[in-house]
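Undergrad: If you scroll down you'll find the structure; I have some questions about it.
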Amino acid sequence: MSIHEVHITIPHREAAHAIVQRTAHRFSGRYTVAVADEGDRSCVRFDGSVETPEQLEREFRALLLDDMLRARIETETASLRQLIVEAALRSALREPEAGA
Amino acid sequence: MKFQLISAFQSNADSGYRLLPFRFGRLPDRPDEVLVTGDSGRFTFLSQADFLAFADHRLDPTTTRARDLEGLDLLHRGDRPIPLDRHAIAWRTRKAFLFDGPSLHIFVVTLRCHHSCRYCQVSRRAESDAGYDMDEATARAAVDRLFESPARQLTVEFQGGEPLLAFERIRGIVEDIAARNRSQRRTITFVLASTLHGVTDEQLAFFREHRFELSTSLDGPAALHDLNRPLPTRESHARTLAGVARARAALGADHVNALTTLTRASLAHPEAIVDHYIEQGFTSIFLRPLSPYGFARRGLARQGYATGEFMTFYRRALAHLIRRNLEGHALTEAYATLLLSSILTPFAHGYMDLRSPAGAGLGVLLYDYDGAVYPSDEARMLAAEGDRRFRMGSVHTPYRELLLSEPMQAILAAGLTEGLTGCADCVFQPYCGADPVDAYARQADVYGHRPSSAFCARQTAMFELLFGYLRDGDADVMRVFQSWVQRRAVAEIRGEPPEAIDAAA
Amino acid sequence: MRPHETPAEFRGVPERRLLKIVDGLTFARGDLTPEQCAWHSDRPGAPIPDLPWGAVLVAPVTGSYDADSQPRATDADARSDAPRNGVPQIRLARADAAAPGDVVELLPERNRLRTRYRRGANANTLFATERCNSYCLMCSQPPRRVDDDWRVNDMLEVIALLDRDVPELGISGGEPTLLGDGLVAILRACRDRLPDTPLHVLSNGRRFGTTALADAVAGLRHPRLTWGVPFYADVADVHDYVVQSAGAFDETLHGLLMMASKGLSFEIRVVLTAPTVARLPALADFIWRHLPAAVHVAFMGLEPIGFALANHDALWINPADMAEPLTRAVHHLANRGMAVSLYNLPLCVLPAALRPFARRSISDWKQRYLDTCDGCAVRARCAGFFEWVKPGWIPHGLHALNAAEVSET
């Protein structure tokens, strides 16, 4: 027996809506996924054949934790990453023979 | 003499450390470990606990673990400015192809072919059909474009159809290029993709003179090959081997390579295909899954297969290859070698399909027999099916206009894995690439949709397989991998006992 | 390098301080004036060409002398060696102290002759400066804060006297790059006079990162120039501690990256000390990932001299205790196609897998073997020991290797 619709609700204080969207997107190959911003929480709806909704929710929440960490690391390192790429492009333009 | 203790050179523990840009993920069968990859492709495995401590700034900066991660370019201890040069140069080295311009120039000299392979990637024409050969004016203009590319190292590849059916055109193009290169002084490699059926001594002498690399198709033992590649006479396999033997005699074995196309029928025989390549004296095999283009798409139902089925085949093939290499048979798998080179070396690779920005157009230009210019073979296939959206212009369009054409704008916009949803934060991003033309062909969207992309599924499975081997660190397997990456004999590679990874900590 | 000095008796006052020793063949093949040369008279009574030599060398009186004994003139010698045309004469204490092709420095005020270049030696080095911007725990040539810029012109003079086919030449210090443009002038002189001679400069590379030196050196386009740069760890604190200089790691790495991007040839030299061995595998991977252009990586045993003596306890580690990390580091680099060598380590204390990488690295004049080495089957290709090796610096487990053990290598 499989269920055809599963809802997972994540309060914004747990995870920002954009991060919930990012995690939900990862499931969009297996299910039809919709994410709604409902004021103080995000609501994720999965349509499709779901064998065990508990398993799906566990998986979702585990990936969400990772994505929250990813978002934090990206915020922390984004400016450095940009500086590195800029320095690389600058040096490559200065030394057209280099980089091989 | 006053000497200071090491503590005098350490920043104090309170100043902590900063994170350098990295991505992370997990392998399916190791949920308690985290794979961390830096932007320049260096990587490590950490236990879940260590990873969280690292990412949450809870590591003691004076510990060996913190030092290890700093040496791997994943963090920077102390509060002094982070020197950017080593990271910038590492990044630049991996993106070296960016600064060269198109280096691969493909000439489709004819669409005619004597085969009628059901999965054929090219929209072939019968051997006797007229009007499907490249004419001289087109060829000369294409060579103009070739030399407009700034790349110092150029590869010129002849494709068909069966390009040998238009040998005189090949000769004309090569001689034109050679003459112009006397003043241009580029390093040029010529490649011919051919069945080698009926190749003549005169042709071989010409290929030898110009140091051609010959690339043919060999799908495995005779029964499999002939099933895949029907000829009226049912002797494709025998004729291919005869062509290979004559080509080797003329050019040397290292100038003759073969590619494998895998159909559904192939998937049951990974060991037999590998062994056949060894028996036939090849040193490289390229286990290519069927591509979705051209006639192949129509035959998919019967000959096609899902990523999972391909990976089951590929896992067996790779394990068998490793065994045979350890027995002393030097046979590399080209795709694994490519990915491993990207993972295990600091250098850029030449493979167009795994670049970011995409190789299409930026790395490759394809000149079709009728004078159209495309950014890749896939773009030509789409055009042959009636969708000309990736046609950049004609061989008479100046290089600059070709590179600024509308199709290239689309490719540039969608060709950066650093910016694509599902790619940008993928742990395998440093080793993977974007191919907007492929994404469009598969999913009707240049940006593609990773969660449902067969390309992404296969790439992910390949990386998981290879990183699984790297994590296991079996000394013999590592020797085989290094021998492939370094193009050396396995016997020359010395054991590197892996450092214990403290996954329990 | 510590130049050899030999007692010598001077007759007449030489005008030049530096001279090249010549015989007929060397003089004829060379491009020097007689004034730049000291005629080497190896047979008493042999005719001396009548040219305005810078000096004439005469052999010691028959019989051997101890190194420190003063030469004595005899009546016979005095006859043939009488100064002619005012050419100064130099009588050496030992006949083998100078030979054609050598470049010597005359020290009449001290009755000494100093060998600055020795033809046929397995290493010849120009000493650039006593100054250094690092203060390494194991420095074999402890730096001094002196103004020795005079060495630039001195080295230029030596270079002008060298055989044009010098097989190889080194420049060391101190830190040669502290000479600034003076070093560039020296490298230019080497390029012009000795374009085929491999030139090896030992430098910590720090000033390549902080000055325009990389551009100046790259502009010389010396065809055979290699920089030997010490680099001790993949992380700053370990390296900075060994060289006793905060910020040195960043500067040296920056310098190495500059060298690589300018196309300069460099090798990396890793001295094996207790604080650095644990990170050798990590260092090897760091080099492969960031400095794959290195033409050579040398892992070097400690030289028990200079500051090393004072820091024995902080630095000394038995080769047996570094076998595991050292093997991993060497294999890591060698597997990736990088040239790797082990210097200053006796073969018998290395794991068999590492012996093929060991070189007989210690210069002839400062190398020796121990009693244990008697009867060793591989003695002839073993680095052996520094002449001044002493208790506390001798590896555990030294033993003569027999033929069976050798066949494994």
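The values are calculated or read from the model by the stated rules, or taken from the named source; none is laboratory data. Note that this is a predicted model, so its numbers are computed, not measured. When we count neighbours, we look across all protein chains shown, and the Cβ atoms used for this are built from the backbone with ideal geometry, even at glycine.
Residues are listed down the side, and each one gets a yes or a no for (1) at pLDDT 95 or above; (2) of a type in the set (Ser, Thr, Tyr); (3) within 30 Å of B:Arg125 (Cβ to Cβ); (4) outside any helix (DSSP H, G or I):
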| site | (1), (2), (3), (4) |
| --- | --- |
| B:Leu231 | no, no, yes, yes |
| B:Ala247 | yes, no, yes, no |
| B:Ala250 | yes, no, yes, no |
| B:Ser266 | no, yes, yes, no |
| B:Val274 | yes, no, no, no |
| B:Tyr277 | yes, yes, no, no |
| B:Arg288 | no, no, yes, yes |
| B:Arg298 | no, no, yes, no |
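Undergrad: Tell me the residue from B:Ala439, B:Ala410, B:Ala414, B:Ala434 that is closer than 30 Å to B:Leu27 by Cβ, in contact with a Lys or Arg (Cβ under 9 Å, 6 or more places away or on another chain) and either assigned by TED's automatic domain parsing to the domain that holds B:Met134 or not basic (Lys, Arg) (or both), please.
TA: Exactly one of B:Ala439, B:Ala410, B:Ala414, B:Ala434 is closer than 30 Å to B:Leu27 by Cβ, in contact with a Lys or Arg (Cβ under 9 Å, 6 or more places away or on another chain) and either assigned by TED's automatic domain parsing to the domain that holds B:Met134 or not basic (Lys, Arg) (or both), namely B:Ala434.
Undergrad: Check off (1) under 30 Å from B:Gly38 (Cα atoms); (2) without any contact (Cβ under 8 Å) to a residue 40 or more places away in the chain; (3) in contact with a Gly (Cβ under 7 Å, 6 or more places away or on another chain); (4) not acidic (Asp, Glu) for B:Ser405 and give me the number that stays unchecked.
TA: Going through the list (1) under 30 Å from B:Gly38 (Cα atoms); (2) without any contact (Cβ under 8 Å) to a residue 40 or more places away in the chain; (3) in contact with a Gly (Cβ under 7 Å, 6 or more places away or on another chain); (4) not acidic (Asp, Glu), B:Ser405 breaks only (1).
Undergrad: Given the structure, is B:Asp144 surrounded by fewer than 22 Cβ atoms within 10 Å (Cβ to Cβ), away from chain C (no Cβ under 13 Å), under 27 Å from B:Ser194 (Cα atoms) and of a type outside the set (Phe, Trp, Tyr)?
TA: yes
Undergrad: Still on this structure, I have one more. Condition (residue is within 28 Å of A:Leu93 (Cβ to Cβ), in contact with a Gly (Cβ under 9 Å, 6 or more places away or on another chain) and at pLDDT 95 or above) applied to the stretch B:62-73: is it met by at least one residue?
TA: Scanning the stretch B:62-73 turns up at least one residue that is within 28 Å of A:Leu93 (Cβ to Cβ), in contact with a Gly (Cβ under 9 Å, 6 or more places away or on another chain) and at pLDDT 95 or above.
Undergrad: Would you check which residues across the stretch C:271-293 are buried (at least 23 other Cβ atoms within 10 Å of the Cβ) and more than 12 Å from every other protein chain (Cβ to nearest Cβ) and list them?
TA: Once the filter is applied, which keeps residues that are buried (at least 23 other Cβ atoms within 10 Å of the Cβ) and more than 12 Å from every other protein chain (Cβ to nearest Cβ), the stretch C:271-293 yields C:Val271, C:Leu272.
Undergrad: Being within 22 Å of B:Tyr374 (Cβ to Cβ) and more than 28 Å from the chain's Cα centre (by Cα) is the filter here; which residues of the stretch B:167-206 pass it?
TA: B:Arg169, B:Gly172, B:Asp176
Undergrad: In addition: Select the strands (runs of 3 or more DSSP E) contained entirely in the stretch B:27-117, then report the ones holding at least 1 residues which are buried (at least 17 other Cβ atoms within 10 Å of the Cβ) and more than 14 Å from chain C (Cβ to nearest Cβ).
TA: Here the list reads B:30-38, B:43-47, B:104-108.
Undergrad: Scanning for something among the acidic types (Asp, Glu) and within 14 Å of another protein chain (Cβ to nearest Cβ), does the stretch B:153-167 turn up at least one residue?
TA: no
Undergrad: Do you know which residues across the stretch C:344-383 are touching a Leu at 6+ places or on another chain (Cβ under 9 Å) and under 20 Å from C:Trp288 (Cβ atoms)?
TA: Matches in the stretch C:344-383: C:Leu354, C:Phe357.
Undergrad: Could you give every pair whose Cβ atoms fall below 6 Å, whose first residue belongs to the stretch C:366-379 and is within 17 Å of C:Arg355 (Cα to Cα), and whose second residue is surrounded by fewer than 12 Cβ atoms within 10 Å (Cβ to Cβ), counting only separations of at least 6 or pairs across chains?
TA: If the second residue must be surrounded by fewer than 12 Cβ atoms within 10 Å (Cβ to Cβ), the pairs left are C:Ala377/C:Ala403.
Undergrad: Being assigned to a helix (DSSP H, G or I), assigned by TED's automatic domain parsing to the domain that holds B:Thr187 and either in contact (Cβ under 8 Å) with a residue 12 or more places away in the chain or of a type in the set (Gly, Ala, Ser) (or both) is true for just one of B:Asp144, B:Asp129. Which residue is that?
TA: On inspection, the qualifying residue turns out to be B:Asp144.
Undergrad: Say we look at the stretch B:1-26 and pick out the residues that are within 11 Å of chain C (Cβ to nearest Cβ) and surrounded by 14 or more Cβ atoms within 10 Å (Cβ to Cβ); which of these is farthest from B:Phe428 (Cα to Cα)?
TA: The residue in question is B:Phe3.
Undergrad: So, one more: With a cut-off of at least 3 residues that are of a type in the set (Val, Ile, Thr), name the helices (runs of 4 or more DSSP H) lying wholly within the stretch C:204-252.
TA: C:236-243
Undergrad: Among the strands (runs of 3 or more DSSP E) confined wholly to the stretch C:50-151, which include 2 or more residues that are at pLDDT 80 or above, closer than 22 Å to C:Lys20 by Cα and not aliphatic (A, V, I, L, M)?
TA: C:89-92, C:112-117, C:125-127
Undergrad: Here's another thing I want to ask about it. Does B:Gly198 count as buried (at least 19 other Cβ atoms within 10 Å of the Cβ) and part of a loop (DSSP other than H, G, I, E, B)?
TA: Spelling it out, it is not the case that B:Gly198 is buried (at least 19 other Cβ atoms within 10 Å of the Cβ) and part of a loop (DSSP other than H, G, I, E, B).
Undergrad: Only one of (1) within 8 Å of chain B (Cβ to nearest Cβ); (2) more than 21 Å from B:Phe22 (Cα to Cα); (3) at pLDDT below 95 fails for A:Val85. Which number is that?
TA: (2)
Undergrad: Which condition number in (1) surrounded by fewer than 20 Cβ atoms within 10 Å (Cβ to Cβ); (2) modelled with pLDDT of 95 or more; (3) under 25 Å from the mean Cα position of the chain (by Cα) is the one that C:Ala314 fails?
TA: (3)
Undergrad: Where the second residue is among the aliphatic types (A, V, I, L, M) and in a loop (DSSP other than H, G, I, E, B) and the first is closer than 17 Å to C:Gln141 by Cα and within 7 Å of another protein chain (Cβ to nearest Cβ) and lies in the stretch C:234-248, which pairs have Cβ atoms under 8 Å and are six or more apart or on separate chains?
TA: These pairs meet every condition: C:Gln244/C:Leu137.
Undergrad: Another question, then. Considering every residue within the stretch B:396-408, establish whether at least one is β-branched (Val, Ile, Thr), surrounded by fewer than 21 Cβ atoms within 10 Å (Cβ to Cβ) and more than 14 Å from every other protein chain (Cβ to nearest Cβ).
TA: Yes.
Undergrad: Kindly provide the set of residues from the stretch C:280-330 that are of a type in the set (Ser, Thr, Tyr) and either part of a loop (DSSP other than H, G, I, E, B) or in contact with a Cys (Cβ under 7 Å, 6 or more places away or on another chain) (or both), ordered by number.
TA: none
Undergrad: Determine the pairs where a residue that is within 14 Å of chain C (Cβ to nearest Cβ), located within the stretch B:334-356, has a partner that is aliphatic (A, V, I, L, M) and surrounded by fewer than 18 Cβ atoms within 10 Å (Cβ to Cβ) with Cβ atoms under 7 Å apart, the partner being 6 or more residues away or on another chain.
TA: From the stretch B:334-356, the pairs are B:Ala348/B:Ala96.
Undergrad: For the stretch C:312-331, what are the residues that are out of contact with any strand residue (DSSP E or B) (no Cβ under 9 Å at 6 or more places or on another chain) and within 10 Å of chain B (Cβ to nearest Cβ)?
TA: Correct list: C:Ala314, C:Glu324, C:Pro325, C:Thr327, C:Arg328.
Undergrad: Mind listing just one residue for me: the one in the stretch B:78-114 that is of a type in the set (Phe, Trp, Tyr) and in contact with a helix residue (DSSP H, G or I) (Cβ under 7 Å, 6 or more places away or on another chain) and, of those, farthest from B:Ser194 (Cα to Cα)?
TA: Within the stretch B:78-114, the match that is farthest from B:Ser194 (Cα to Cα) is B:Trp91.
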